[in-house]
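Contents: one structure, followed by commentary.
The values are calculated or read from the model by the stated rules, or taken from the named source; none is laboratory data. Quick caveat: nothing in here was measured; it's all calculated off a predicted structure. Note: ideal-geometry Cβ built from the backbone for every residue, glycine included; neighbour counts use all protein chains shown. Accessible surface is based on the protein model in full, side chains and every heavy atom, while ligands, DNA and RNA are left aside. Shrake-Rupley method; radii C 1.70, N 1.55, O 1.52, S 1.80 Å.
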Amino acid sequence: MDKKRILIVDDEVDATDMLKMHLERVGGFEVRAENRGSMGYSAAKEFSPDLVLLDLTMPDMDGSEVAAMIKDDPQIGKTPIVFLTASILKEEAEETQGSGDYSFLAKPAGGNEVIEKINRVLGL
């Protein structure tokens with residue numbers, strides 16, 4: 001079975017690096033990380049991920065703007081997006097399951113919690 005491709009777009013370099021390592025080692029995913037929101041859309045176009053983990057609050061471009069650009073693109077617009085953000089409480093993230101085009105995961109989220117979310121969204 002081919003490895004699922006995950007794109008992480010988050011300005012927190014250390015957290016992104018740790019999550020990338022965990023997803024590759026434990027989850028068996030192929031992962032690309034981008035630490036600038038403004039590069040998130042082009043990274044998604046180039047990498048063609050099966051799922052995008054996207055921070056909402058980044059200094060150079062808001063995650064909601066990146067998500068809108070991805071969703072407007074006919075080539076990658078159906079790619080599931082999970083907002084990985086400190087802007088929402090864990091309870092609020094659980095309430096949004098299955099509502100709308102996006103899923104949410106509250107920071108801080110452990111690596112296994114992220115893997116569970118990815119597997120759920122991708123139906124694995």
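Observations on the model:
- Residues of segment 35-51 satisfying the condition of being free of Cβ contacts under 8 Å to residues at least 60 places away in the same chain and open to solvent by 30 Å² or more (accessible area, probe 1.4 Å): Asn35, Arg36, Ser38, Met39, Tyr41, Ser42, Lys45, Glu46, Ser48
- Qualifying residue in segment 2-23 (condition: at positive phi, part of a loop (DSSP other than H, G, I, E, B) and open to solvent by less than 60 Å² (accessible area, probe 1.4 Å)): no
- Test result for Asp60, on the phi < 0 side of the Ramachandran plot, surrounded by fewer than 14 Cβ atoms within 10 Å (Cβ to Cβ) and in contact (Cβ under 8 Å) with a residue 24 or more places away in the chain: yes
- Residue count for segment 46-64 under the criterion of being within 14 Å of the chain's Cα centre (by Cα) and more than 19 Å from Val121 (Cβ to Cβ): the result is 3.
Yes/no per residue for (1) modelled with pLDDT of 95 or more; (2) over 13 Å from Leu84 (Cβ atoms):
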position	(1), (2)
Lys4	yes, yes
Ile8	yes, no
Met21	yes, yes
Arg32	yes, yes
Leu51	yes, no
Met61	no, yes
Ile70	yes, yes
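- Single residue of segment 85-111 satisfying the filter (surrounded by 13 or more Cβ atoms within 10 Å (Cβ to Cβ) and over 13 Å from the mean Cα position of the chain (by Cα)) that is modelled with the highest pLDDT: Ala86
- Which listed residue, of Val121, Val114, Val66, Val82, is modelled with pLDDT of 85 or more, among the hydrophobic types (A, V, I, L, M, F, W, C) and in contact with a Gly (Cβ under 7 Å, 6 or more places away or on another chain): Val66
- Summed over segment 35-60, residues that are closer than 18 Å to Gly77 by Cβ and not in a helix (DSSP H, G or I) total 7.
- From Asp55, Asp2, residue being of a type in the set (Asp, Glu), out of contact with any helix residue (DSSP H, G or I) (no Cβ under 6 Å at 6 or more places or on another chain) and closer than 23 Å to Asn112 by Cβ: Asp2
- Per the conditions (1) open to solvent by 50 Å² or more (accessible area, probe 1.4 Å); (2) within 13 Å of the chain's Cα centre (by Cα); (3) over 21 Å from Glu116 (Cβ atoms), the sole criterion not satisfied by Arg32 is (3).
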